[in-house]
Amino acid sequence: MLDPKEEKVEGEVNETSNESTSESKEQEVSDTKSEANEVEKTVVESNEEIVKAVEEVEDKVAEEAEKDDEKTSIPTKDYDKLELEELADELEKLIKGYPVQQIKAHAESIKSAFNLKFGKLLAEKKEAFLAEGGNSIDFQFSSPVKTRYNKLLSDYKKQRDSYYSNLEKQLKENLEKRIQVIEDLKRLISEADTKTMYKSFRELQNIWRSIGAVPKNKYNDTWRTYHHHVERFYDLLHLSNDLRDLDFKNNLEEKLKLIKRAEELSEEPDINIAFKELQKLHKLWKEDIGPVAKDMRDEVWQKFSEATKKIHDRRHEYFREMKSQYNVIIDKKLAVVDEINNYDFSKNSTHSDWQNSIKAIEAMRQKYFDAGKLPYSKSEVVWQKFKAATKQFNQAKNAFYKREKNVQQDNLKKKLELIELAESLKDSEDWDTATNTFKKIQSDWKKIGHVPRKFSDDIWKKFKAACNHYFDRYHSQKNALSADQQAVVDAKVAFLDDLKEENYTTKEAIGELMNEWSGLGRLPKSARNIDAKFNKAVDKMLNGLSIGKEEIAMLKFRNIIDGYLANNDIRKLDSEQLFIRKKIDESVREIQQLENNLSFISNATDDNPLVKNVRNSINEFKQGLDVWKKKLSYLRTLDY
């Protein structure tokens, strides 16, 4: 038996122990609740992310549903490789052969390719225009293909605008039809005629599916309302359980197939392909497949939503990477903008200065475009900076050429005065005075600067016509044969008629023949073809001699050169000398190249075919070089 004091102590111990146990249990309950709250919070957050992903996909489905009529299987072409005429042909085929709403992507590709190619052509034409002395501010250019293309593009835009104007009306009408189907479905449920309700329901389903697209901002809400009442219908369909259960079973099988395909799409390498197909799956889920049994609805939708989220997350990651790439492109473009802003054109004072600056700016402009493409949302700010940078340059350039126009007006006045003088003298027979005047007029014309482009061709044609008219008359009277000149012509024609090649079989005889021909006199320009016939006969005689090729070549050359000298044809003598110098330079370069090639063939023996071939070529060029040098030496001995 315990002492009362001991009992008291034991009671206190037991009481303390009970209190401790109670506190421990309360702590466990508190921890469990906290963990449960955390789990619940995580689940809620996860569900919110899934819902957000699904909503994003469904919004895209709604947007694409509105564009159903725009989808097409028109074969794609590489429009960048087509010429301007071909691009215009392709646009015409599209407009005539397909509904306008289906050719948008192709039309935009053609437009981009055409603008790029025509822009390059325009730049080339402008460069040629400026090279001829034209001013940038006066430049204009068009072409038949551009005119035709513009008309086709205008026709396309009119048809496109008309289509989209009618589309808005059609979308509203379709929305009203779908709302009416929903109202009919609600009435069917409320009346609940078991004999006809299932058949009527099927008819309403078919009507719903036959109705076209509705405005994208109404698509999802309309579908959710319709789907809600479809589920109500199935839940109230008690008297035909077998029919209802069969529908549920078939719908479940189809939805499980969609879930499986959505899960497979999460592994598709191309996320854009995966996302497009996912939209189709969502549309099938909504439009073509009815509800499943009530106890399965949340489960299958959750699985489909989870598969959707995986693709959604991958797509967002893809766009994050693209954004990083866009930042690189933006940096490159902004660097070009800085380069243009820092370009110094303040010292430009001549047409040539500005042409060099235009080329430099054009090179920077090309670098800007070569940096890469950006979506509109990313490019607009950068593009405005680029335009502002080039605007500053263009304003200064245009101001220069505006000042130049005043100078050009003065130049036009001076050239018109020269034309007036040329036309007053073009029929003159005071040959010495008129010829000197015309030479001075031509010299003065060259010294006067550029005139406005719109007058340039016209005044040049008038000036050229007056000069040509005079000099044609001048040369005609100058080339008219005198009695002495006619005597030379007659003598040389008779000489050729009597010439017998078999009488000239030695080098000495042919040399005497050439001297005799020269002694007959100088032919007028209008009869130089007689010299050509004689030279041809001499070449044939020389080829029949038993002498070296080099000596034959020199004899032929001297015969021709002596003919030029006899006719005092300084222009042809100068041209011959320039031609020979060019051939000497070419031969020297060829020999050097071949000798250099030979130095690389270090391990080959002398009887190697390649080595033999190279050495033979070197010897041939050296022999030819000797002949060219002798020809040049002969020309240098002549006094002309």
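Being open to solvent by less than 40 Å² (accessible area, probe 1.4 Å), modelled with pLDDT of 80 or more and over 24 Å from Lys303 (Cβ atoms) is the requirement here; does Ala213 meet it? Yes.
Collect the residues in segment 413-454 that are farther than 17 Å from Ala466 by Cα, assigned to a helix (DSSP H, G or I) and modelled with pLDDT of 90 or more, keeping them in residue-number order. Lys413, Lys447 - these are the residues of segment 413-454 that are farther than 17 Å from Ala466 by Cα, assigned to a helix (DSSP H, G or I) and modelled with pLDDT of 90 or more. For segment 164-192, a tally of residues being part of a helix (DSSP H, G or I), open to solvent by less than 60 Å² (accessible area, probe 1.4 Å) and more than 20 Å from Lys218 (Cβ to Cβ) returns 2. Could you say whether any residue in segment 570-580 is surrounded by fewer than 16 Cβ atoms within 10 Å (Cβ to Cβ) and touching a residue at least 24 places away in the same chain (Cβ under 8 Å)? Checking segment 570-580: at least one residue is surrounded by fewer than 16 Cβ atoms within 10 Å (Cβ to Cβ) and touching a residue at least 24 places away in the same chain (Cβ under 8 Å). The number of residues in segment 534-568 being loosely packed, with under 14 Cβ neighbours inside 10 Å, closer than 25 Å to Leu578 by Cα and touching a helix residue (DSSP H, G or I) at 6+ places or on another chain (Cβ under 7 Å) comes to 1. One residue alone among Gln395, Gln408 is under 28 Å from Lys347 (Cα atoms) and either open to solvent by 100 Å² or more (accessible area, probe 1.4 Å) or not in a helix (DSSP H, G or I) (or both), and that residue is Gln395. When Ile289, Ile311, Ile329, Ile361 are checked against the criterion of being within 21 Å of Asn398 (Cα to Cα), among the aliphatic types (A, V, I, L, M) and open to solvent by less than 70 Å² (accessible area, probe 1.4 Å), a single residue qualifies: Ile361. The set of residues from segment 273-295 being without any contact (Cβ under 8 Å) to a residue 40 or more places away in the chain and farther than 12 Å from Thr308 by Cβ comprises Ile273, Lys276, Lys280, Leu284, Ile289, Asp295. Among the residues of segment 597-611, are any at negative phi and either in contact with a strand residue (DSSP E or B) (Cβ under 9 Å, 6 or more places away or on another chain) or at pLDDT 85 or above (or both)? No, there is no match, as no residue in segment 597-611 is at negative phi and either in contact with a strand residue (DSSP E or B) (Cβ under 9 Å, 6 or more places away or on another chain) or at pLDDT 85 or above (or both). Taking every residue in segment 108-122 that is touching a residue at least 40 places away in the same chain (Cβ under 8 Å) and pairing it with any residue that is surrounded by 13 or more Cβ atoms within 10 Å (Cβ to Cβ), at least 6 positions away or on another chain, the pairs with Cβ-Cβ distances below 7 Å are Lys111/Leu153. If the condition is being at pLDDT 85 or above and surrounded by 15 or more Cβ atoms within 10 Å (Cβ to Cβ), then segment 364-384 contributes Met364, Arg365, Lys367, Tyr368, Ala371, Val382, Trp383.
Within segment 194-210, can you find the residues that are in contact with a Ser or Thr (Cβ under 8 Å, 6 or more places away or on another chain) and exposed (fewer than 14 other Cβ atoms within 10 Å of the Cβ)? Even if it seems obvious, please write down each step before you answer.
Just the residues of segment 194-210 that are in contact with a Ser or Thr (Cβ under 8 Å, 6 or more places away or on another chain), to begin with: 194, 198.
Passing the criteria: only Thr194.
Candidates are the residues of segment 477-500 that are modelled with pLDDT of 80 or more and not hydrophobic (A, V, I, L, M, F, W, C); the one that is farthest from Met554 (Cα to Cα) is Gln486.
In this entry, Gly519 passes the filter for residues that are free of Cβ contacts under 8 Å to residues at least 24 places away in the same chain and either more than 19 Å from Leu635 (Cβ to Cβ) or touching a Pro at 6+ places or on another chain (Cβ under 9 Å) (or both).
The values are calculated or read from the model by the stated rules, or taken from the named source; none is laboratory data. Just so it is clear, the structure is predicted and the values come from calculations on it, not from any experiment. Please note: Cβ atoms are built from the backbone with ideal geometry, for glycine as well, and neighbour counts cover all protein chains shown. Keep in mind that these areas ignore ligands, DNA and RNA; they rest on the heavy atoms of the full protein, side chains included. Shrake-Rupley method; radii C 1.70, N 1.55, O 1.52, S 1.80 Å.
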